[in-house]
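Each remark here refers to the structure printed beneath this line.
Read-outs throughout are calculated quantities, based only on the coordinates presented, and are distinct from any laboratory measurement. Model, not experiment: these values are computed from the prediction. Positions of Cβ are generated from backbone atoms using ideal geometry, with glycine treated the same way; all protein chains shown enter the neighbour counts.
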Amino acid sequence: MAAAAATATTVPRCSKREGDIAGAGTPKKGKTGRSTPPAEEVEAFLAAAESGMARRFAVKYNYDVVKDAPMDGRYEWVRVGP
């Protein structure tokens, strides 16, 4: 049986650091003309998403997270602790 010769390949290292690379560390610019939506619009969007999540949770677990009270349904909720 012939013995296979082991060869080691060295990988050259990059000598440049992140700070040396042009444009590294600077945020990428998006499309021009885009701005942050008004706070009222963001609030309305998040409120709608939150109410949707609360509604799905209530249907699935028969528990109203807004009122923090159990509802009639397939689960029986028992209060634990004070």
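Label point of Tyr75 set 7 angstrom out along Cα-Cβ; within the range 35-61, amide nitrogens under 18 Å from it belong to 51-61.
When Lys and Arg each count +1 and Asp and Glu each count -1, what net charge do the other residues less than 12 Å away from Ala47, Cβ to Cβ, add up to?
-4
Our estimate of slack between Ala44 and Asp64, defined as 0.36 nm per intervening residue step minus the Cα-Cα distance, is 5.1 nm.
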